[in-house]
Every structure is written in structure tokens, then in C-alpha cells.
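All of the numbers you see were taken from the coordinates with simple rules; none came from a lab. Nothing here was measured: the structure is a model prediction, and the numbers come from that model. No Cβ is skipped: glycine too gets one built from the backbone with ideal geometry, and neighbour counts run over all protein chains shown.
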Amino acid sequence: MSLKSLKPLRHTVSFRLTLWYAALFMLSHMVAFGLTYVLLATSLRQKDHDSIQAKLHDLADQYHAAGLEGLKKELTLQARLQKTQRFFIRFAAPSNATLFVKIPDQWPEFDLRRLEQETLSDTAQWLWIHAKDEDEVLEVAAMRFVDGSLLQVGKSTEERKEILERFGWILGSIMLPVVVGSVLGGMWVALRALQPIRHLIQTVRTIAAGAMEARVPTRQTGDELEELGRLFNTMLEQITTLIQGMRSTLDNVAHDLRTPMTRLRGIAELALGTEADLPTCREALADCVEEADRVRTLLNTLMDIAEAETGTMTLACKSVSVAALLEDVVDLYLEVAAEKDIAVALTAPEDLCLYGDQQRMRQVLANLLDNALKYTSCGGQVALSASQDQHQAVITVADTGVGISPQDLPHIWERLYRGDRSRAQHGLGLGLSVVQAVVQAHQGSVDVSSVPGVGSCFTLRLPLAAALLL
Ligand code: ADP
């Protein structure tokens, strides 16, 4: 592989992770090996020193007991028993002239003359003599007796060096599998650690290629990467729902616009095609304006819902009297109620105030009252009431109308949705979507309970004005 082809690989996180892992793994092994080597060298050195000291004291005892002759005899005996083979032994007169010396066989060549030149103090001390052509050192411990004579016992570091050399080789040969193992281990760790990221990349690629249903496979590891995968999937779910919602709204808008647009065109075509007089043309134009208004209302309401849902709706929130608000709205619909002979009842405490945008709240209540009157037969009843429940103002709009079927109930809040039984009534299917979006923009909620043939009850929960919270 050329350096050029390695370049993109070098920029990958996997490559860097592998490198870091391998480097740290090798470094920790090298430190451990180095420490073991130093500890072994120290303990071998200590062991040699201990054995030299032991031999020195052993021979000194012999000298004290039997003099130089006794010492020589003892050494001859020990040589026969092979007990002194590894030791260098020298006995010197008080003038430091050698009286007796024993050098082990096959020793490196040490400059022993230094021992005669060296002036030693009375206390025992160490001497180190380097071999002539090799790395070995002769370590010598000395002891001076009361009569001035000197006993020296020494040992070459040759044996120790051999052990350490062999140990070094063993460590070196272990290092090779360690290097291979650290690179393989690094690759495994990098592959495993980055697997969720690779899944994420693969999913994004699949989505970019058009498969919106692709999801990141997640494992139950409980770590941050699993959470990232789960959050990513949740986000995709939300986006998909949003896209589907937008698609269905667009379909509905297109469908709902088709009728007024066709009607508009039909009216205009008819007026143009005939030799119409001025009043007929005026009537056609008036119809066109009415249809255009309907389309404008539809588009404006859709824009309102979108603004409320995305939080971009401007709300002039203040303390609003609920009783006054409900009276206002009831006043607006008194005529419609009278036409259908529907009794409208209103009960609201005078001091109850909610915190919201008066105009928008009026729109919400008007939509609910409009529906209540629309879907209640002549002679029915509609009741508006308000009360306080802890930190919320609760407003209910109940009617004795047709009610909502259980099949329609989950869909009534959807944009442009109209129940089957409401087709006969005027409407765009946007009233309740506006109610829900605006109420939610006020941090409130809206619920419904309905029994077909008996009636419906819509409940609004809205924040109370600050003064009531004290
Ligand atoms: P619409 O313009 O159709 O009234 P809405 O969004 O206001 O649109 O209501 C959606 C649907 O919910 C209606 O088509 C109707 O089927 C049902 N609905 C709403 N309010 C009532 C009510 N008070 N009684 C019975 N059905 C209702």
C-alpha cells in the first residue's frame, strides 16, 4: 500500500484509535518489562553481595580460630567440596603484599595488581575491578583483622550478566507478539467502539438515497452511543410524522381548493360566455368575490394554525375576564341561536381572569360556540360555564347536539377533517385545529367528551392571570 493510498485511512477515527490503543498498550508493556528487568538486576546484585559477605565472614571466623594455615586448610577442603569455586579470595599482609590468592578457573582477565595498590581503610569496603577486554566487573569486599592483615573475597558479575542477557532476550521475544497483539487489539477496539457510528453513517446514507424508513440498529448497551442512536431514531420518527402530516395537509388543501376554484372558474366562464346584461355580470362577480373570500379564509386559517403550532404566533397576553369574554362571544351568536330556537346558558364567576390574548381567546370560544350551535338541532340547549381549578381557568362549552361518533372522535382535531354527519353544515374542517393550536400556544389544553345523539362537551384549561395565583 502506497503512502498516498494510506492518506484517507490516516484521517479516519478508527485508524487514530487503533494507533493510540497500540501505542499505549506497547508503552505499558515496555514500562512493565523495564521495571521487571531493573528489579531482577537489583535483586541479583543484592544476592551476590550477600553471598560475598557471608563467605567473607565465614573465612574470617576460620582465620580467627586457626590462623592463616587453618584458613588455607579450610579453603583446600572447601575446594574439594566445590564450595568456593565461584569466589575470588586474597589474603594480604598488613603491608598489603599478597600472601595468598585463589582465583576461580576460566575467569575473565582482571587487573588484580590494583588490589595491592589500593590503600584500604580499617573498615570493610567494596572495590570494583573491570575485566580487561570484557564487560564483567569483579566485586570485592574486604575485612582487616586486628593484626593488620587483610582478607578480600570477590565475585565476578559474569554469571549475573548472563542471566540478565537471557532475560532480556526472553522479554525481546515476548515484545513481538505484544506489538502484533496491540495492533490487532487496537483494531478490534476501534471497530467495536465505532460500530454505532458506522450504523449511523449507513442510515444517513440510506435516507439520503431516498429510503426514509431506514433506522439505526441499536444495542442495549446503555451507553452514550446507544442513546445517540435512539435519539436519532426518535428524531427520524418525528420528521416522518411531520412530513406525513404536511403531505396530508397539502393533499387536503389541494382537494379543498379544487371545489371553490372550479366554482370560481365556472361562474366567470358562464358570465363571459353568455350575452349577459350588467346585473347578471354583477351577480357573477359577487359570487366570485364570495368564493375568493372562502379560499382566503381557508389559507389564512391554515397559516394561523401553522404559526400557533410552530410558536411564531404573536400573542398579546394579559389578564382577561372570563365572564366578559364569554358574554362577548354569546352576544355574537345570539341571533343564530334565536333562529334555531336554541337556549344558550352562561355561568361564570365575575372575578375569574385568565392570562392570554383576548382576540385569540375570542376566536377559540367563537369556534366552539359556532360548532355547538351548528351541530345542535332546533330547540336544543348550549351551556357555557367557567370555574377555577387550582392554577387553571376551566371553561366548558356543552351542547345537546348530534354528538361525535367514536370513529370520528380521534380525528376531529386534524386539519380539514370533517365528520361524515357534518357534511350538510357549512365549514372548512379547520375550527377545532385552530382551537387546539391556539390553546396549546397559551400553554393550555382542550378535551372533548361526546355521546352520539346526546351531545358533546368541550373543556378548555388555560393559565390563570397572575393576580389569582397569589
Ligand atoms: P367544521 O368546519 O367541520 O365544523 P371543525 O374543525 O370545527 O370543522 O370540527 C371538526 C369536526 O368535529 C366537525 O366536522 C364535526 O364532525 C365535529 N364536531 C365539532 N364540534 C362538534 C359538536 N359540538 N358536536 C358534534 N360534532 C362536532
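Given the chain, what percent of its DSSP beta bridges are antiparallel, to the nearest 5?
90
To the nearest 0.05, what FRET efficiency results for GLU307 and TRP20 with a Förster distance of 35 Å applied to their C-beta separation?
Result of the calculation: an efficiency of 0.10.
Let me have the 222 nm mean residue ellipticity of the chain computed from DSSP H runs of 4+ only, each contributing -39500 (n - 2.57), with the sum over all residues rounded to the nearest 500.
My calculation for the chain gives -20000 deg cm²/dmol from helical runs alone.
So what is the relative contact order for the chain, in percent, with contacts set as C-alpha pairs under 8 Å and at least six apart?
10
Once the piece of chain linking MET235 and GLU165 is laid out straight, how much longer is it, given 0.36 nm per residue of separation minus the C-alpha distance between them?
Residue separation times 0.36 nm, minus the Cα-Cα distance, leaves 18.9 nm.
Treat every Asp and Glu Cβ in the chain as -1 and every Lys and Arg Cβ as +1, leave all other atoms uncharged, and give the resulting dipole magnitude about the Cα centre to the nearest 20 debye.
So the magnitude is around 2400 debye.
For the range 333-372, which GluC sites (Glu not before Pro) pass both filters: DSSP loop (anything but H, G, I, E, B) and at most 14 other C-beta atoms within 10 Å? Let's see the in-between values first.
On the way: sites: GLU335, GLU339, GLU350; in loops: GLU350.
Sites meeting the loop and neighbour criteria: GLU350.
Calculated FRET efficiency, LEU39 and TRP128, Cβ-Cβ r, R0 22 Å, to nearest 0.05?
0.55
Among 304-310, 290-296, how do they line up by average Cβ neighbours within 10 Å per residue, starting with the highest?
Values: 304-310: 16.7, 290-296: 14.3.
Going from most to least packed, we get 304-310, 290-296.
By how many nm would the segment from HIS426 to LEU191 grow when fully extended, if each residue of separation counts as 0.36 nm and the alpha-carbon distance is taken off?
Extra length from HIS426 to LEU191 when fully extended: 78.3 nm.
Using 7 Å Cα-to-Cβ label points, what is the ASP341/ARG258 separation (nm, one decimal)?
4.1
Along the Cα→Cβ direction, 7 angstrom out, place labels at ALA209 and VAL454. What is the inter-label distance in nm?
Each label point lies 7 Å from its Cα, and together they span 5.6 nm.
Direction-averaged shadow area of the convex hull around the Cα atoms of the chain, nm²?
With every direction weighted equally, the projected area is 50.8 nm².
Let a ≥ b ≥ c be the square roots of the eigenvalues of the Cα gyration tensor of the range 225-359; is it rounded (a/c under 1.5), or, if not, prolate (a/b larger than b/c) or oblate?
Oblate is the answer for the range 225-359, as a/c is 1.5 or above yet b/c matches or exceeds a/b.
Based on the mean of other Cβ atoms within 10 Å per residue, sort peptides 171-183, 144-156 so the most packed one is first.
On the way: 171-183: 13.3, 144-156: 18.5.
The peptides rank, most packed first, as 144-156, 171-183.
Taking R0 as 30 Å, what FRET efficiency do you get between ASP50 and GLN82 from their Cβ-Cβ distance, rounded to the nearest 0.05?
0.90
Run the simple label-point estimate for GLU69 and SER377 please: 7 Å along Cα→C-beta, distance reported in nm.
Using points 7 Å along Cα→Cβ, the separation is 15.0 nm.
For the range 3-164, what does the convex hull of the Cα positions come to per residue, in cubic angstrom?
172
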